Amino acid sequence: MLELRNISLIKDNKVILNDINIIFSNDKFVVITGPNGSGKSSLVKIIMGIEKPSSGKVILDGKDITNMSIDERANIGISFAFQNPVKFKGITVYDLLKLSLNKDVCKRECCDTLSEVGLCIKDYVDREVNGTLSGGELKRIEIATVMARNPKIAIFDEPEAGIDLWSFQRLTSVFNALRKQSKGITIVISHQEKILDIADEVVLLQNGIIEKIGNKEEIINSIFVDKTCCLGDNNE
């Protein structure tokens, strides 16, 4: 179980997050959505340790991890997939998967992990993770590295950003399978209805506070009631 307790974030005298309290239960697929600048990315970066809260605590399985580094959080099972995947010149997909698994595995053992995200091992295992790959390919490779770790908490920041329609359709299938198989917590920032459809729970953020937590229908209905809350691309 992951708990964010009284989390606030202030940067340059601007309140980004204001007294956030939320519990993420195990075996749950949670989508965080909301308008531009609502604090979505800042919230998940605090979970990963990329951002440090101005106040409040991050509690994992009863342990305060607020002051843990990114590496320490990765070691206890928190994984993060960025909105724009990082490129690695000179590092192959195989190298990246070995690093993710933290052990030496043969290329054949990487087959299942790559096939789960719709990539053929013979076409990709020796490819460099660089600009020769499309946005959709990079995104799916990054998702494969997260899935390979079988983390306690898997975080995906707008995984649909910058990918083509085919890749997006494959992405929703991957997340649907992840929801059914994962025993940990999956947290996704998204505005896409097909991803909201998968969610066990949807969290609506607005102006740095939690506006509502519920299922997709409840969240969509509340957005239509409040015309000031319009979903869009994430720029925070």
Within segment 26-61, the count of residues that are over 16 Å from the mean Cα position of the chain (by Cα) and in contact (Cβ under 8 Å) with a residue 60 or more places away in the chain comes to 6
Residue pairs meeting the criteria (Cβ under 7 Å; at least 6 apart or on separate chains; first in contact (Cβ under 8 Å) with a residue 60 or more places away in the chain, in segment 127-144; second part of a helix (DSSP H, G or I)):
Ile143/Val174
In segment 154-182, residue surrounded by the fewest Cβ atoms within 10 Å (Cβ to Cβ) [restricted to those that are more than 18 Å from Asp112 (Cβ to Cβ) and in contact with a Gly (Cβ under 6 Å, 6 or more places away or on another chain)]:
Asp164
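Conditions (1) at pLDDT below 95; (2) closer than 21 Å to Val188 by Cα; (3) surrounded by fewer than 21 Cβ atoms within 10 Å (Cβ to Cβ); (4) of a type in the set (Phe, Trp, Tyr), marked per residue:
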residue	(1), (2), (3), (4)
Ile16	no, yes, no, no
Ile23	no, yes, yes, no
Ser55	no, no, yes, no
Ile65	no, yes, yes, no
Asn84	yes, yes, yes, no
Count of residues meeting criterion [buried (at least 21 other Cβ atoms within 10 Å of the Cβ) and hydrophobic (A, V, I, L, M, F, W, C)] in segment 120-137
1
I'd like to verify a number: residues in segment 45-64 that are closer than 23 Å to Leu101 by Cα and either among the β-branched types (Val, Ile, Thr) or touching a Leu at 6+ places or on another chain (Cβ under 6 Å) (or both), how many?
3
Among the residues of segment 100-110, which ones are without any contact (Cβ under 8 Å) to a residue 12 or more places away in the chain and surrounded by 12 or more Cβ atoms within 10 Å (Cβ to Cβ)?
Val105, Glu109
Any idea which of (1) surrounded by fewer than 15 Cβ atoms within 10 Å (Cβ to Cβ); (2) in a loop (DSSP other than H, G, I, E, B) is the one Ile10 doesn't satisfy?
(2)
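For every residue, the table says whether it meets (1) of a type in the set (Ser, Thr, Tyr); (2) closer than 16 Å to Asp27 by Cα.
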| site | (1), (2) |
| --- | --- |
| Met147 | no, yes |
| Pro151 | no, yes |
| Glu160 | no, no |
| Ser167 | yes, no |
| Ile187 | no, yes |
| Glu193 | no, no |
| Asp197 | no, no |
| Glu201 | no, yes |
| Gln206 | no, no |
Residue ID - modelled with the highest pLDDT, chosen from residues in segment 149-207 that are out of contact with any helix residue (DSSP H, G or I) (no Cβ under 8 Å at 6 or more places or on another chain) and among the basic types (Lys, Arg):
Lys152
Residue check for Gly77: modelled with pLDDT of 95 or more, in contact with a strand residue (DSSP E or B) (Cβ under 9 Å, 6 or more places away or on another chain), at positive phi and surrounded by 14 or more Cβ atoms within 10 Å (Cβ to Cβ):
no
Out of the residues in segment 34-49 that are at pLDDT 95 or above and not small (Gly, Ala, Ser), which is nearest to Val203 (Cα to Cα)?
Lys40
Scanning segment 183-200 for residues that are aliphatic (A, V, I, L, M) and in a helix (DSSP H, G or I), the one surrounded by the most Cβ atoms within 10 Å (Cβ to Cβ) turns out to be Ile195
Can you list the strands (runs of 3 or more DSSP E) found entirely within segment 14-106 that contain at least 2 residues being of a type in the set (S, T, N, Q)?
14-24
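The values are calculated or read from the model by the stated rules, or taken from the named source; none is laboratory data. Here the structure is a predicted model, which means the values were calculated and not measured. Heads up, the Cβs are rebuilt from the backbone with ideal geometry, glycines too, and the neighbour counts pull from every protein chain shown.
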